Amino acid sequence: MSTVDHRPIVALYYATRDGQARRIADHVSERLLQAGAVAAPRNIAGALPEASELEAAAMVVLVAAVRYGRHLPEADRFLKACRALRAPAPLALGSVNLTARKPGKTTATGNTYLRKLIARHGLAPAIAVAFAGRLEYQRYRWFDRWIIRFIMLLTGGPTESNACVEYTSWSDVDAFADQILDRVLPKPE
């Protein structure tokens with residue numbers, strides 16, 4: 001006797017350096033699983049998924065961090081691979097950057113990093129949002145700490161060397177997951 005799993009599969013990936021994109025992807029995964037979708041988050045730093053895996057998904061989701069003004073290189077490789085698919089699934093993008101801590105900077109039109117990523121890859125994502133990340137100076141290497149402190153000085157953020165600020169709005173992450181669910185779960189009749 002075999003059972004067939006009819007739950008929609010969401011191909012959920014993340015690109016991170018300091019772990020916040022992974023934490024966001026994990027949170028999205030939990031919300032999707034609770035609602036009845038299959039969504040195991042995977043890091044794309046090592047290898048890209050197979051084209052067949054991406055094409056079989058009800059939706060492809062990428063949560064990608066920004067470092068020094070650009071999304072991580074593995075995110076660019078991933079999106080390039082998605083563009084090359086013959087039958088791509090709808091795409092949801094979540095950009096993780098500290099610019100999104102400011103009002104009006106969480107949308108594709110308001111967030112420069114997200115807008116440039118979409119334009120650079122010629123994308124038309126079904127969902128595109130930016131999440132503010134987490135600022136935790138003690139976790140960064142010396143050079144990273146220095147650069148980020150300088151950027152924070154220029155943008156009016158905290159520069160104390162022991163600052164640890166959680167900027168991520170987890171209710172916005174929930175709303176992102178809910179938008180994904182609205183697109184992949186069957187509507188009640």
If you check Ala92 against the conditions, is it under 21 Å from Ala11 (Cβ atoms), surrounded by fewer than 21 Cβ atoms within 10 Å (Cβ to Cβ) and in contact with a helix residue (DSSP H, G or I) (Cβ under 6 Å, 6 or more places away or on another chain)?
-> no
Members of the range 139-154 that are closer than 16 Å to Asn97 by Cα and aromatic (Phe, Trp, Tyr) | Tyr140, Phe150
Test set (1) surrounded by 15 or more Cβ atoms within 10 Å (Cβ to Cβ); (2) assigned to a helix (DSSP H, G or I) - Glu30 fails condition number = (1)
Under 7 Å between Cβ atoms, at least 6 apart or on separate chains: pull out the pairs that start in the range 24-38 with a residue that is in contact (Cβ under 8 Å) with a residue 12 or more places away in the chain and end on any residue that is of a type in the set (Asp, Glu).
-> Arg31/Asp174
Okay, strands (runs of 3 or more DSSP E) sitting entirely in the range 78-189 with 1 or more residues that are closer than 30 Å to Arg7 by Cα, I get 91-96, 127-131
Scan (1) at pLDDT 95 or above; (2) more than 18 Å from Arg183 (Cα to Cα) for the single condition Asp5 breaks and write down its number.
-> (1)
Which pairs have Cβ atoms under 9 Å, sit 6 or more apart or on different chains, and link a residue in the range 161-189 that is crowded, with 17+ Cβ neighbours inside 10 Å to one that is among the acidic types (Asp, Glu) and at pLDDT 95 or above?
-> Ala177/Glu30
Please indicate, with yes or no, whether at least one residue in the range 52-64 is farther than 17 Å from Asp172 by Cα, part of a strand (DSSP E or B) and free of Cβ contacts under 8 Å to residues at least 60 places away in the same chain.
-> yes
Filter result (out of contact with any Phe, Trp or Tyr (no Cβ under 7 Å at 6 or more places or on another chain) and either within 13 Å of Val173 (Cα to Cα) or modelled with pLDDT of 95 or more (or both)) within the range 93-103 | Leu93
For residues in the range 118-147 being in contact (Cβ under 8 Å) with a residue 40 or more places away in the chain, of a type outside the set (Gly, Ala, Ser) and over 16 Å from Asp172 (Cβ atoms), which is surrounded by the most Cβ atoms within 10 Å (Cβ to Cβ)?
-> His121
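The values are calculated or read from the model by the stated rules, or taken from the named source; none is laboratory data. Bear in mind that the values here come from a model prediction, so they are computed numbers and not experimental data. Note: ideal-geometry Cβ built from the backbone for every residue, glycine included; neighbour counts use all protein chains shown.
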